[in-house]
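Here the structure comes first, spelled out in structure tokens, and everything after it is commentary.
The values are calculated or read from the model by the stated rules, or taken from the named source; none is laboratory data. Not measured: the values here are computed from a predicted model. Neighbour counts are summed over all protein chains in view; Cβ atoms, including those assigned to glycine, are modelled from backbone coordinates with ideal geometry. When the accessible area is computed, the model is the full protein with side chains, heavy atoms only, and any ligands, DNA or RNA have been set aside. Shrake-Rupley method; radii C 1.70, N 1.55, O 1.52, S 1.80 Å.
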Amino acid sequence: MSSSKRGCVSKLKIITLFAFLIMGIVFSIIALMNLKLPDESFIIDRLSVDEQHRITEITHLKNSLGNEIWPGWGDHKTPILVYNEAYAFLIGIENPAPGWARVPYTKPEGEEWEQVSEIINYHRQPLPENGKTPQAFIVKIGDDFVASMTTKDWTRISLVKMIKEDLPGFLEPIMPYSLFINRFNSDWHIAGILHESFHAFQAHQSYERVKSAETITALHDSYPWEDIDFREAWLKERQLLAKALQTKQPEQTKEIVREWLSMRGERQNRLSSKLVNYETEREWLEGLAKYAELKSWKLASNQKLYSSLPEMEADEDFNHYQDAESHLKQELLQLQSDLQFSETMFYYSGWAQAELLDRLYPDWKSRAFEPGTYLDDLLAETCVPLSCPLL
């Protein structure tokens, strides 16, 4: 072997060894960081100071901006329930009835509530031994519809646990979990509870519609998730919605909406009326809550319009909603993603329709809770001339 070839081989060995050394250092750092991740809530039997401040901030934000986002939402008193691995915590009901029931089901779980007076007044109870928990949606306590969600700490811990369950054992120590969980900061958690708060408002306004839209998920397994052509049609449809959202001129927006309605009609002709209803019901329920969530975040980011509570300054994970623009861009990418082909896409297609209605039909919210009226129906009404395809 010539000296030049031996030199190349030696250099290659050095580069390879250096690459393995760097990888080893990186994996070691990740493994050390992962050892610091908690596997249980720092405080289990009561609300942390930060969690109490976040709850107060949620109520402040909704009271300040809620009516601008949706008429009547800001005035509606919405109790909040958050829970971790062992306890449920209830805020906003003075003398709560025992237990809680998942909406739209009515079987009660839990027991009497115990009052706790700290920074705020709240009630708590241990989760039942049968493993039943509240849900990230709505629960009913007495006559009240209550926004329900995991605490911020337990959300992040649960996500790591869920990721680990799907990983082969050798990857568990070196998976960079922080990349997945860091986006779930206080801003995100506040917006998430406001999402559930809007569901409680929907239930208060029209419980039968909420019940219908939630129980219709029984059709999930009948939906053609495995049909490649159907998936492709849905992708083009969502991409067209994104194009309409990014178009500034009203007439051009209407033209794109007309095209979208036609495309949607062609795709839905391949479905039974029950499955079409499955789509529109889920878009109404989850799309509107997604709209309220993102609108809250966006409006709260305007410091001329809104000021967060002074107590939030102590929360190191709170960014005063200043990530709103970048978050909206990410949500727009999710709307168009080919990977987004699950029940979650109805959140995004419903949200996009609501945003377009804001531009094209200023009074649309006065009709959105009418029985049998869906978001695509209202968009179809914005189309002129009469040749615009109706669904």
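Of note:
- Residue pairs whose Cβ atoms lie under 6 Å apart, separated by 6 or more positions or on different chains, with the first residue in region 199-221 and on the phi < 0 side of the Ramachandran plot and open to solvent by less than 60 Å² (accessible area, probe 1.4 Å) and the second part of a loop (DSSP other than H, G, I, E, B) and among the β-branched types (V, I, T), are A200/T78.
- Scanning region 110-133 for residues that are surrounded by 17 or more Cβ atoms within 10 Å (Cβ to Cβ) and free of Cβ contacts under 8 Å to residues at least 24 places away in the same chain yields G110, W113.
- For region 243-292, the set of residues classified as surrounded by fewer than 20 Cβ atoms within 10 Å (Cβ to Cβ), under 17 Å from L379 (Cβ atoms) and of a type in the set (G, A, S) consists of S262, G265, listed by residue number.
- First in region 235-260 and under 11 Å from A352 (Cβ atoms) and at pLDDT 95 or above, second anywhere and part of a helix (DSSP H, G or I) and of a type in the set (S, T, Y), Cβ under 9 Å, 6 or more apart: E237/S349; R238/Y348; R238/S349; L241/Y348; L241/S349; A244/T253; L245/T253
- Region 365-391, subset at pLDDT 85 or above and of a type in the set (A, V, I, L, M), residue surrounded by the fewest Cβ atoms within 10 Å (Cβ to Cβ): A380
- Taking region 331-345 as the range and being within 20 Å of S296 (Cβ to Cβ) and in contact with an Asp or Glu (Cβ under 9 Å, 6 or more places away or on another chain) as the test, only T344 passes.
- Of the residues making up region 323-364, those that are loosely packed, with under 12 Cβ neighbours inside 10 Å and either under 20 Å from I58 (Cβ atoms) or touching a Leu at 6+ places or on another chain (Cβ under 8 Å) (or both) number 1.
- Pairs with Cβ under 7 Å, 6+ apart, first in region 312-331 and closer than 12 Å to W188 by Cβ and part of a loop (DSSP other than H, G, I, E, B), second at pLDDT 95 or above and open to solvent by 20 Å² or more (accessible area, probe 1.4 Å): Y321/S301
- Qualifying residue in region 166-189 (condition: β-branched (V, I, T) and either modelled with pLDDT of 95 or more or in a loop (DSSP other than H, G, I, E, B) (or both)): no
- Residues (closer than 15 Å to F198 by Cβ and either open to solvent by 40 Å² or more (accessible area, probe 1.4 Å) or not hydrophobic (A, V, I, L, M, F, W, C) (or both)) located in region 293-319: E293, K295, S296, K298
- Residue match in region 134-154 (condition: on the phi < 0 side of the Ramachandran plot, surrounded by fewer than 17 Cβ atoms within 10 Å (Cβ to Cβ), in a loop (DSSP other than H, G, I, E, B) and among the β-branched types (V, I, T)): no
- Some residue of region 76-95 being under 30 Å from R359 (Cβ atoms) and surrounded by fewer than 19 Cβ atoms within 10 Å (Cβ to Cβ): yes
- Exactly one residue among L378, L299, L339, L357 is in contact (Cβ under 8 Å) with a residue 40 or more places away in the chain and not β-branched (V, I, T), and that residue is L299.
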